Each structure stands twice: as C-alpha cells, then as structure tokens.
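Everything below concerns the one structure shown next.
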Ligand code: ACO
C-alpha cells in the first residue's frame, strides 16, 4: 500500500475508530489471521502443523527471522541464547524487595524494564546485528525472570538454568527445582508447555503487541517496549483472562456447579459479569487455538492422571453456549484461554502465574513485531483524536470561581 498516496486522497481527514475495530495500524508479514474461517498462520505455516511438529524455539526463530531454521541455524540460535542467560546478580535485590503478595505480572514487567539498566547497549539498536544481540539477550534472560517471579512467591531461592537442557526443559527446571529434592524432568510437562507456548507465540496486532510496537516506535529500547507489552497483557480482557477463567470456573464449582445460573448472569446487561474465556475481537466462528488446546487439555490431564472437575464445568459451559442464541448471535466462542488455565493447573503452575506463562509464549511474537517495525523504519505511533471538550474560555482568577 502506498501510504503517502492514501493520505493524499483522504486529504488529512481524521477518522475515528474506538478500539481500532476496523483500523489496520501497520502492514505486517508475520501472522495471518482469518477470523471468519478460524485460520491462524505464522509466516504462512498453519498453527495446527506448527503445534504438532515444531518446537517452541524453532517457532520463535520462524516468527522473528521469517523462515524455519535448519539444524545448524537452530543450534547457533540456541547457543547464542544460552550464552546470554545470565542475569545480573543485582537484579535479585529488586526481586527480594517485592512483597510476597505482589502479582507476578507486575514483578515480571518491572524486572524486564530493569534489565535495560544492566544492559544499556540493548537500547540503541540501529543495525540488524545490534538487534540480534538484544533479541538473544532477552530470550536468554526472560525465562530466568519468569522462574524468579514464581520462586519469589513460593519462597524458594533464586536460581539459574542449566545450559545442557533444551529451552523449554530448562524453563520448567528453573521454575520447579527445589533445594532438597532431585529434580526429575517430566516429558509430558515439557511437551505440553512447548505446545502451549507455540499457540501463544503471536497473534498479530492485539493489545499487547500493538503496545510493544507503539512504545518501540519512539525508539525506546526493546526491553522497555516488552515491559509495556507485559503490562498490557496483564488485563483480564486480554492475557489476564486465563487467570480469570480459572477463578470463574472455581467460583461456579463452589456455587454448586450450576452453569445455567452463570450463563444468565453473563447475558444480563445490568450485570457486569462476562463469561471469561468467551469471545474474541477477531475470531467470529471459532478460535483455532482453542480447538487444539481443548484436545491437549484432555491428553495432558489424562497423561498426568489428573481428574479436574472444573474441566467438566468448562465443557458444559462451552456446549451450552453453542446452542444459546445470546452467544450464537454475538459469535461468542471459547478462546485460547478458556482451556489453557486448566492445563497449567494440571501441570502444577499456580493460578497467578498463568498470565506470566502467556507472556513467555508471546515473547517471540512481540520481538518479531518490534523487529519488523524497526527494520521498516516505521514512524512514531501517534494517533489523532476528535476533540469534544470546551471551546475557548476566558480565564477566571481563583477568587472568581
Ligand atoms: N460474556 C458475555 N457477553 C459478552 C462476552 C462475554 N465473554 N464477550 C462479549 N460479549 C457481548 C458484549 O456484551 C456485547 O454485547 P452487546 O452487543 O449486547 O452490547 C457483544 O458481545 C460484543 O462484545 P464487545 O465487548 O463489543 O466485543 P469486543 O470485540 O470489544 O471484545 C473481548 C472482545 C474483549 C475478548 C470480549 O469478548 C470479552 O471481554 N471476553 C471475555 C474476556 C476474555 O476472554 N478475553 C480474552 C481474549 S483472547 C486473548 O486476549 C488471548
């Protein structure tokens, strides 16, 4: 699209589109999404195929650099990431300073932003080489920060990873190893997390990704831009939905399991309650990630031998919504986060960490979108507005008011 020509045609007319429901903010070659057909592709590859056949780090490489890596490219990428996985010891003091009750998303956003102070060279990234260095740095250090947010909550000593392990294996070890027991790797957990991270890895111009791009467009550093993205993801209408879903399912269970009662609450326009995990700004027939994750939830819980009554409540809600005119008319279907929390809980991950796990998965997508924006030398993001306030008023001194 010739943006300059388009601007000339519109002759400086300002459009208004709250929530950007119909406005594209950029051109992008990373993720294709067809909301009517329920299609999601990363760089042209179907999400179903990637979730089944690829590993998370391969998908990260694909999203960021545009092609699936061959083995030596993947090995080099992984080695570069591992070489950058050390986090400055002083950052531990910041972690210690948080109250134990702090929400892990707030801790993670703060630590990610603080990384800039310890890695100032990551800010001015004018060449692709500088960008690469900043990218492997954050991919190396972010899992450590994720593990530390959990360990802080659980009162466990802050640790580092093991360079001999795979990327996802290492994350789980950092999260779950304890000083008194030998850590045993569980392949079911590794495979489940790998799949969940791939499903969350990118989703074009959603709220947090747009935030990363707009902050990055001012040439703030990568880590600062990512920290803003983490804050955007925290909200319950976005990534925070996975925590909210589980809390809702628990509340339904505690209340006696009457799903119809909660369906009625969600439909009542005088009640602010929404069925968390339902609806999506773009998917209007089904969320392809939800389809994959529903099957994965059954498999993972089955493999782990976990029987979770909230899975039955979730399935009940989903099938009732399918035949309820309110949900059908508004095209409200379960989204990716309707089932992800159930799997995370089965894996032993505390509810407050669910959105952190989402951030871990979304990291490559945010990086890819930031890199694309910087390489294309996009201008600073600066929306206009329609002013609705007072017209010109004469000033009154304080004694006259
Ligand atoms: N429960 C009940 N009603 C809903 C729900 C819901 N979960 N979602 C939307 N609606 C209704 C709205 O009340 C509105 O009804 P109306 O036309 O009678 O006024 C209609 O459906 C359209 O809803 P909007 O809020 O205008 O749709 P929008 O595209 O702005 O919002 C969103 C999408 C934020 C995802 C919304 O569906 C929602 O709040 N869902 C619950 C939270 C959630 O699951 N978020 C995760 C999204 S996926 C992700 O971020 C990974």
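Please treat every number below as a calculation from the coordinates, not as lab data. Remember, predicted model here, so these are calculated numbers, not experimental data. Here the Cβ is made from the backbone with ideal geometry for all residues, glycine too, and neighbour counts use every protein chain on show.
The distance separating the Cα centre of the range 323-351 from that of the range 208-244 comes to 22 Å.
One decimal place: the segment residue 130-residue 398 gains 91.0 nm when fully extended, by the rule 0.36 nm per residue minus the C-alpha distance. In whole angstrom, note down how far apart the Cα centers of the range 30-67 and the range 246-308 are. Each part's Cα centre sits 25 Å from the other's. Classify the range 351-401 as rounded, prolate or oblate, taking a ≥ b ≥ c as the square roots of the eigenvalues of its Cα gyration tensor: rounded when a/c is under 1.5, otherwise prolate if a/b is larger than b/c and oblate if not. Oblate, since a/c reaches 1.5 and b/c is not below a/b. The range 85-125 and the range 176-193 have Cα centres lying 25 Å from one another.
Where does each of 115, 165, 108 land when they are ranked from fewest to most other beta-carbon atoms within 10 angstrom? Mind showing how you got there, number by number?
Values: 115 24, 165 16, 108 27.
Taking fewest neighbouring Cβ atoms as first place, the list is 165, 115, 108.
For the residues 357, 347, what sequence is obtained by ranking on other C-beta atoms within 10 Å, fewest first? Mind dumping the intermediate values first?
Working: 357 26, 347 21.
Arranged by neighbour count, lowest to highest, 357, 347 become 347, 357.
How would the range 175-221 be classified by its alpha-carbon gyration tensor: rounded, prolate or oblate, with rounded meaning a/c under 1.5 and the a/b versus b/c comparison settling the rest? The shape class here is oblate. Counting every other Cβ atom within 10 Å of each residue's Cβ, 324, 329, 130, 337 order from fewest to most as 329, 130, 324, 337.
Kindly identify the chain as rounded, prolate or oblate by the Cα gyration tensor criterion: order the square roots of the eigenvalues as a ≥ b ≥ c, call it rounded if a/c is under 1.5, otherwise compare a/b with b/c, prolate if a/b is larger, else oblate. It comes out rounded by the Cα gyration axes. For the range 194-234, pairs of C-alpha atoms spaced more than 15 angstrom apart make up 42 percent of the total. For residue 160 and residue 377, the difference between the fully extended length at 0.36 nm per residue and the C-alpha to C-alpha distance is 74.5 nm. Distance between the 7 Å Cα→Cβ label points at residue 102 and residue 74: 3.6 nm.
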